[in-house]
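The values are calculated or read from the model by the stated rules, or taken from the named source; none is laboratory data. Everything quoted here is computed from the prediction, not taken from an experiment. Because the Cβ atoms are built from the backbone with ideal geometry, glycine has one as well, and the counts that use them run over all protein chains shown. Just the protein is used for accessible areas: all its heavy atoms, side chains included, with ligands, DNA and RNA removed. Shrake-Rupley method; radii C 1.70, N 1.55, O 1.52, S 1.80 Å.
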Amino acid sequence: MPSGAAEPATGKEGPVRLRVTGSGGIWDCQQMAGTAYDCRPIGETGPADSSGSIVTPGLFDIQVNGFAGVDFNNADIEPTDMDRALCRLAACGVTRVLPTLITAFDDELAARLEALDRAVSQSTLGPLMVPGYHLEGPFLSPRDGCAGCHPAKAMGPARAELVERLTGLARRPILMVTMAPEQEGVPDLMARLARQGIACAIGHSNATREQIALAIEKGARVSTHLGNGLPHMIARTDNPLFSQLSRDELMAGFIADGIHIHPDYLKLFLRAKGLERAFLVTDAVAAAGPGMGEGIYQLGTASIERQADGTVRIPGSTYLAGSSATMDQMVRNMEKWLGMGLPDILRLTLDNPFRAAFGRPFDLPRDHGGGFVHWQRDDAGELRVRCTRIGDHQVLPDGSFLLHTPARSSSAAR
């Protein structure tokens, strides 16, 4: 049994063996072939990080609009673009992601999904990292504040035929659809999608308490980036934020970047939801990622601007347009702001996002997908990604990509 975290590989190697910290304890994981690992609990609890070296399962971000200069809403996206974005995401600890498409007119949305799915399918990392897609719109509220950076003119009543059309265009499933319960037809569409196993989420909405209750009755189980996509002026207590915080049936995603939600309010929201019903998302756009600077980027047909403090806005507007956040920074934020331990952070960044997307708990032996992250504490004690392993591939902190062909043992070959 290994006494500590395995070292990142630099060439051909035998089957990899890792000591993995999960939300519920420590696991011994031995590579059998490719992305297949035999993972068994050791029986310890809490992270074994006294040496500063830790291996965890890869993190899961269920809302990513783009990354590292790549816009997932670009109908001209290429497989090389997808690999560049996914490499940079992996360098930030993410090994599973739901590329997210925002509101657009029907034909635009169809063209974007076709291009995105083709880029994912033909890329190297896409088949390993992308289980499906998140559709955020167009059944959202066009009200000022709710719409955010989404094009309000493309929003409208729910239409099952549009979702069916989009579903038929992609090899991978649409796993989550964000909708505003007050839009005409949304409750019925939620019921239909929920029966198909698609996660129905509430977002970009000014729904009443009664409308939210009906959405939950019909099958809504997630709140999309709760605390954002709301009118600037809302009632003191009877408002869509509190109505969703109060409902235990809803899991809630939060953007823990200190911009979308102040750390004090994030603490309050997590207390209201409980760690079992909360998860973190980046809502990242093309302006996100290490080394990305100030300037103009694209989100679909819209120009967005990353500013010096990391905020991303529509130029000349007060409205945020996604984030420039990375998931590894959010891990550090949770340690620093809330004093949260790594097992609880893994609940927020892996276990609960998995449950939100798939409706069942994350199970390491079944669901690891060959994705593991090697972390190292720096001189200040902060966790930094040292290497990310996805099957036989490795991604280093600068996003460089290595492909390995490990030798198989006779037992692994059987």
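Report summary: the helix-based calculation at 222 nm, which adds -39500 (n - 2.57) for every DSSP H run with n ≥ 4 and divides by the residues of the chain, gives -7500 deg cm²/dmol. In a reduced charge model with +1 at each Lys and Arg Cβ and -1 at each Asp and Glu Cβ, the chain shows a dipole moment near 800 debye about its Cα centre. Here the Karplus relation 6.51 cos²θ - 1.76 cosθ + 1.60, evaluated at θ = phi - 60°, turns the backbone of the stretch 350-361 into coupling constants of 9, 4, 6, x, 4, 5, 5, 7, 10, x, 8, x Hz, with x for every Gly and Pro. The smallest convex shape that holds all Cα atoms of the stretch 107-264, its convex hull, gives 127 Å³ per residue. When all protein chains stay in place and ligands, DNA and RNA are ignored, the 1.4 Å accessible-area order of D379, D283, D398, D106, largest first, is D379, D398, D106, D283. For the chain, the solvent-accessible area works out to 39 Å² per residue, with a probe of 1.4 Å and every protein chain left in place.
Gyration tensor analysis over the Cα atoms of the stretch 289-370 returns equivalent ellipsoid semi-axes of 31, 17, 11 Å (largest first, whole Å).
Over the stretch 249-310, the alpha carbon radius of gyration divided by the compact-protein estimate 2.2 N^0.38 Å works out to 1.36.
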